[in-house]
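Bear in mind these aren't lab numbers, they're just calculated from the coordinates by the rules spelled out. The shown structure was predicted, so the numbers you read here are calculated from the model rather than taken from an experiment. As a convention, Cβ positions derive from the backbone with ideal geometry for all residues, glycine included, and neighbour counts pool all protein chains shown.
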Amino acid sequence: MRWNKDIQEHWEIFVEAALQEWPEARESDLLALDGTRSGLARYLSDVTGKSPDLLLEEIAEWQSGTMPADIRMDEHLDNANISVSGRFVAPGEDVYDEDEAFGTAS
């Protein structure tokens, strides 16, 4: 996940995932943050007592993970997901055709 494009721009939908990673945090406090990595590290440092540098490492590890499905499917990301999905339509395939015709049905 990219911080500015994926996380900061849509911070409010990442709050639940952040709460799962850092249960010491409070939802209202996370929502009040500006969504920057440094702001999250400072807040978590206050809450957990860990150093901001250590938390920046934890945040980088959290960021490098896969985007949780509930975030990927959030309605705020619908337009982005739709535009990206076009890359997976094979040449000559009609997006409205049944997948079985193209051998990709699961």
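For every other residue with a beta carbon closer than 13 angstrom to the beta carbon of PRO52, add +1 if it is Lys or Arg and -1 if Asp or Glu, then tell me the sum.
-1
Between GLU27 and SER85, what is the FRET efficiency for a Förster distance of 35 Å, r being their Cβ-Cβ separation, to the nearest 0.05?
0.70
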